[in-house]
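This report concerns only the one structure given below.
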Amino acid sequence: MIRRLLTSMLLTLSALASGGFAPALAAPAAPAASAPSGVWYEIFVRSWVDTNGDGIGDLNGVTAKLDYLQSLGVSGIWLMPINPSPTYHGYDITDYYAINPQYGSMADFERLLREAHKRGIKVIIDLVINHTSNQHPWFKAARDPADPHHDWYSWAGPHTDLHAEDAAGAQAWHALGKAHYLGDFSREMPDLDYDTPAVRREMVKLGQYWLKKGVDGFRLDAAQHIYYDFKADIHNPLTLQKNLAWWSEFRRGLDQVNPAAYVVGEVTRDSADELAPYFKPLSAVFDFPLAVQLIDSARSERAGDLGALLAHTDAAYRQVAGRSGVDAPFLSNHDQERVMSQLGGNPQHMRMAAAMLLTLPGQPFVYYGEELGMRGRKPDPDLREPMRWNRVPDAPGETTWKSFTAHDGPQVSVEAQQADADSLLHYYSMLIHWRSELPALRDGAIRPWASDNPHIAAWQLDDAHGRVLVVHNLSGQPQSLALDGQPFHRVRLRSGPGATVQHERLQLPAYTTAILQ
């Protein structure tokens, strides 16, 4: 044990001094970005890097790998909950103003912010304010009807339907002695009552507190569930109106500290029309319908309804936000089965899903380990397993809080893939750096390109600097696209050799992406 502790201490000092754990774990070399890529990277701190030998990832581990993230090309990181919590995942918080001691100290977090900002990397944190933990001092005090905190939570009245289903179809009301309280996600997560002015004031103060600490914004957990508590309210316009009113109030509070704060909401709806209203108070919402379509297109090797969905989504968002390039597309997150698992382990389909995601305008989100092809299926803990840095899972720096269930081999690791020029890691880095090279990939107004070839997914992006045509061959066979009379004459970027323009026709090898100008 003493030897392990001494080794851990030496390892930590070395890692924090160098920004990594060993030169072999560096990301693939990439040119310095001339502009931000606009790509965010989601990190579960517990599974990231362990710098003190306790098997649990920590904030110093995030700091130690900032150079990896910078080399990958991302512009920002989203940290899943870092507040104290009785659970491994942290989505039931007991102190909103503190750091989970398993992850480190407030000083560790402040150092992470400084080091990230030195590298041009922004940091947003999960803000989980729909509910607290039932171990939170507020809820413990609320058990006394005479305590002011009693009004901070929702309690059943004499005419309440105690059998009402919550938004997910489970039990909404939970017994506490003779009383019943609302817990939309579980009995361990009592919902706060946002009709109570003190709750609203407290949460605005909370957002301002973390902005003053230096965070660059927030990922809003369960953003639609502030007032969307019951299954019967799914299409209730009053529920939507109250949600938007609250988030507008919250946004105004943030603007007093940092008007440029990036605030992205988790709104799990099935259409762009249902997501669009949230673009008034928020910077963006995660595009769940698009994630489903991107994976389906990659799996089937057919564009399908992708073009129509992109056009409709852009129009819906632009009508509210007043501009294009505001989407927050993604492929998977900590609540969903990992992309490689959804695609049945097919590496070419994985690459095409990534290529489509990272050539779309807006600010895409990448879940940690996607760039390695990590696999993971439900239940939830198996979606959040340790990041693989080394070929062997017990190397220094690896987190060991959970055993692996996906049984990924040693090739699914940073160490292995950084040494392989044709690895998925290099492929992700290439695509992300494309976004730094071509501003239209980040900010362009999108116009789907009509093609009678079902295996081709294509769209045009226009910005102040010009226009580009993005073309993906989703299939395992060479494909071509007619460019008759169109102003695209050369291949500016390509994901592999063989993409050429001849006689106003683009020739694309199997599973290849090309950017034309």
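At-a-glance table
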{"item": "His433 under 18 Å from Phe365 (Cα atoms), under 24 Å from the mean Cα position of the chain (by Cα) and modelled with pLDDT of 95 or more", "result": "yes"}
{"item": "Pro396 vs. criteria touching a residue at least 40 places away in the same chain (Cβ under 8 Å), over 25 Å from the mean Cα position of the chain (by Cα) and not in a helix (DSSP H, G or I)", "result": "yes"}
{"item": "Arg492 being basic (Lys, Arg) and surrounded by fewer than 15 Cβ atoms within 10 Å (Cβ to Cβ)", "result": "yes"}
{"item": "Residue match in the range 153-164 (condition: within 22 Å of Tyr97 (Cα to Cα) and without any contact (Cβ under 8 Å) to a residue 60 or more places away in the chain)", "result": "yes"}
{"item": "Count of the range 471-517 residues which are modelled with pLDDT under 95, among the aliphatic types (A, V, I, L, M) and farther than 18 Å from Trp459 by Cβ", "result": "0"}
{"item": "Pair list, Cβ under 8 Å, 6 or more apart: the range 109-138 residue closer than 13 Å to Ile77 by Cα and open to solvent by 10 Å² or more (accessible area, probe 1.4 Å), other residue among the small types (Gly, Ala, Ser) and part of a strand (DSSP E or B)", "result": "Lys122/Gly76; Lys122/Gly217"}
{"item": "Scan of the range 399-420 for residues that are farther than 18 Å from Lys65 by Cα, out of contact with any Lys or Arg (no Cβ under 9 Å at 6 or more places or on another chain) and either among the charged types (D, E, K, R) or in contact (Cβ under 8 Å) with a residue 24 or more places away in the chain (or both), ordered by number", "result": "Asp420"}
{"item": "From the options Arg252, Arg187, Arg219, Arg200, residue that is free of Cβ contacts under 8 Å to residues at least 60 places away in the same chain and in contact with a strand residue (DSSP E or B) (Cβ under 8 Å, 6 or more places away or on another chain)", "result": "Arg187"}
{"item": "Test: Ala499 is aliphatic (A, V, I, L, M), open to solvent by less than 30 Å² (accessible area, probe 1.4 Å) and without any contact (Cβ under 8 Å) to a residue 24 or more places away in the chain", "result": "yes"}
{"item": "Test: residue in the range 37-48 that is at pLDDT 95 or above, open to solvent by 10 Å² or more (accessible area, probe 1.4 Å) and out of contact with any strand residue (DSSP E or B) (no Cβ under 8 Å at 6 or more places or on another chain)", "result": "yes"}
{"item": "Strands (runs of 3 or more DSSP E) wholly inside the range 426-517 that include at least 3 residues being among the hydrophobic types (A, V, I, L, M, F, W, C)", "result": "456-463, 466-473, 513-516"}
{"item": "Residues (open to solvent by less than 50 Å² (accessible area, probe 1.4 Å) and either over 26 Å from the mean Cα position of the chain (by Cα) or under 17 Å from Pro148 (Cβ atoms) (or both)) located in the range 181-194", "result": "Tyr181, Leu182, Pro190, Leu192, Asp193, Tyr194"}
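The values are calculated or read from the model by the stated rules, or taken from the named source; none is laboratory data. In this text, all values refer to a predicted model and were calculated from it rather than measured experimentally. Ideal geometry is used to build each Cβ from the backbone, glycine not excepted, and the neighbour counts take in all protein chains shown. For accessibility, only protein heavy atoms count, side chains too; no ligands or nucleic acids. Shrake-Rupley method; radii C 1.70, N 1.55, O 1.52, S 1.80 Å.
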